1. Do any GluC sites (Glu not before Pro) in the range 637-702 lie in a DSSP loop with no more than 14 other beta carbon atoms within 10 Å, and if so, which?
2. Are there GluC sites (Glu not before Pro) in the range 308-414 that DSSP marks as loop and that have at most 16 other Cβ atoms within 10 Å, and which are they?
3. Give, rounded to the nearest 20 debye, the magnitude of the charge dipole that the range 323-371 has about its Cα centre when Lys and Arg contribute +1 at Cβ and Asp and Glu contribute -1 at Cβ.
4. Send over the semi-axes of the range 465-605's equivalent ellipsoid, whole angstrom and largest first, taken as the square roots of 5 times the C-alpha gyration tensor eigenvalues.
5. Could you look at the range 325-413 and say what percent of its accessible area is carbon and sulfur, using a 1.4 Å probe and all protein chains?
6. Based on the Cα gyration tensor of the range 534-715, what are the three equivalent ellipsoid semi-axes, each the root of five times an eigenvalue, rounded to whole Å and given largest first?
7. Only four residue types carry charge here, +1 at the Cβ of Lys and Arg and -1 at the Cβ of Asp and Glu. Report the dipole size of the chain about the Cα centre in Debye, rounded to the nearest 20.
8. Output the 0 to 90 degree angle, nearest 10, between the alpha-carbon long axis of helix 69-82 and the longest principal axis computed from the alpha carbons of the chain.
Amino acid sequence: MASKYSMNDRPSWPRRAIVTAGEPYGNKGLHFGHVGGVFVPADFFARFLRDRLGRENVIFTSGTDCYGSPIMESYRKLKENEGYDKSIGEYVESNHSRQAATLNNYNISCDIYGGSGLEPAAQIHNEVTAEIIERLHEQGTISKRSTLQFHDAKAGTFLNGRQVIGRCPIQGCKSEKAYADECDLGHQFEPEELIAPKSQLTGEVPELRPVDNLYFDLPAYLDFMKTYTAKLAQNPQVRSVVSKTMEEWLLPAQLYIQNKFREAFDAVEDQLPEHTVLEPEGNKSSFTVTFPSWKERDDAHAVLANGGVRFRSGKALVPFRITGNIDWGVPVPEVDGVTDVTCWCWPESLWAPISYTRTVLARDAKAAGVTEGVAAQDAALMGEPAADSTQVPAPTYQHSSLDWRDWWCSDDAQIYQFIGQDNIYFYCIAQTAMWEALGWDLTQSTVSACYHLLYMGKKASSSSQTPPPPADDLLNHYTCEQMRAHWLSLGLSEKPVSFSPKAYDTRVTGKDKNGNEVRACDDKRVIDPALKESALLTGVFNRLARSCFYGVAVKEGDESPYRNGCIPAGTASATVVEAAQQAVLAFEQAMYKFETHRALAVCDDYLRAANKRWSDASKAANKLEGEPANAAMTQALVDAFTELRVATVLMHGIVPAGCELICEYFDFDPVAFFSWDNIFASTDEFVESLGEKPGEHRVKPLPPRFDFFSKHESQY
Ligand SMILES: [Zn+2]
């Protein structure tokens, strides 16, 4: 068989890597979409990189996005409707603790799961925010802009974000909800463009009043973004949907106007700033007006509104708002005469991963007693988390550099960001231009943009008739490892996929013998789509591991030479060496492109073939007698142990607990066992590298009927 993958054609990996998972908002717990669609893929990738690059060279960050008007709104409602009597900080902390507990339940191995407003990261995040805003100002890329903001005269307060609700003015937008200056699909617009605004506080129609804020000059980066996007389109690692979505934002500033307003438009056209009109194509119902830049388009708004012309805006780069006047935000230093403002997501959630990285390094500096440098200064800022807060456990080892720039601004480091496809504008447009503007040599991110995880074939929405289950609830029906393997098999990097766990399927699928309706969840004939990968774990993988360990176990009355409790010495057969090498190389290529489903498929094929080889070889050996039987069985065991070791390393990021249990029975140091530095070594070479003699490494005796991967108790 011709080899498909070559040792000379492997993807290149950086020396160090940051992995980030999109930050969940701090007003609720995590539903399955957060965990299955973002955290599990990111965790798989981070665990793979730790094995591939060395665990000290990887920092995996995420955290609770703590600030902003949606949190203020949920907090206000909780206080008013349910008599909640704690502070907003305690409210966010309780949600963060719930989120961290869920991530622990799913074995998500963040180096830090912080919180932008929670210790230990809060003060460091304030510092990073101030440094970034002052630096952007120093670079001349942020400035004061006066805009109109909604004001609720009855409540006597300015309204932000979700405190105003209306309809999105962006042409063709399918969102159901739009807020003061963005819709829930991330389109940004000017407040005066919002259709049918209403105050959430009083239900009144709010008025618009002028306010001063800081804006990042995003339109100045149009040419840079065009070049960058064209380059990105050539990058095989990043899916084309990313560059295609970015291109949509790099169009000229345009307005779309329905043909029925044509007369009104013609009446005011001579008052408009410079523009060109593109007549409707074919039987389209609107015509297009193009302006030289967003400024002229903005100026046109008032002219058209006064002339009674309704319009919708096309996507284009507009100034990116950095600050606002929300109390519950990150404090912002006075810049350009703008005072008493704060910032919250989006801008600050883009640099939160830098704050979290610095928090991880501050923790390292503190543990190592380092007293100089940024990490030591950050350590002095770092506070203690609340006593009763739940944390994702911190690593027990030190990372390879305490200097955050070695991670974020270095040619031999990469930043891998796992994001939802809805957020491409923020991570790929706004962040890319801002990183360039900072002039700190920040490395641009490599993003894995995932599609939505659908629930029972529909877009998951907590307000729908069958609301998606909270992530923790699934663990009443499935094991963590079953869920991880299932989600990773779905291929969310290629298309939206439905998660349809049978345990939650209430459709009627038949009748029992008394004529009563039977629902899918109780119907024995219905196969559970969520358990498709479970057989690989509880069947195939388990069987291979058991065969190896039981195969060498000391057995009373059995004098076979291989039954000495040790991994037998010897060279694996050529087929086995070739199969292992091909599986490793195929797996690595899949990981390079974030194709988790392909990586899992490689393991699936490999494990099934390994099991078959063992079954055939051990059966053949059992038919022999005397010395030839011993030799044949020893060879079968050498082969099976080789395949088990390679499969366990590959599967480590997918189902970490079971693989670490296998390693425990191998009785090897886990760091060496899982390291890709040893993945092509023969078992004998590996044993020798640990200072032992081949054939003399003793495995831990396996108790009878042992399971490395068990089913959920409800599945028996
Ligand atoms: Zn929209």
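The values are calculated or read from the model by the stated rules, or taken from the named source; none is laboratory data. The structure presented is a predicted model; accordingly, all values stated were derived computationally and were not measured. When we count neighbours, we look across all protein chains shown, and the Cβ atoms used for this are built from the backbone with ideal geometry, even at glycine. Ligands, DNA and RNA are stripped out before the accessible areas are found, and what is left, the full protein with its side chains, is counted by its heavy atoms. Shrake-Rupley method; radii C 1.70, N 1.55, O 1.52, S 1.80 Å.
1. Details: sites: Glu643, Glu660, Glu664, Glu685, Glu688, Glu692, Glu696; in loops: Glu692, Glu696.
Qualifying residues, ordered by number: Glu696.
2. Listed in order of number, the matching sites are Glu334, Glu372.
3. For this selection, approximately 400 debye.
4. Equivalent ellipsoid of the range 465-605: 39, 24, 12 Å, largest first.
5. Numbers: 1850 of 3920 Å².
About 47 percent, which is the carbon plus sulfur part of the accessible surface.
6. Ellipsoid half-lengths, sorted descending, are 25, 19, 17 Å.
7. About 2480 debye.
8. In the chain, helix 69-82 runs at an angle near 90 degrees to the longest axis.
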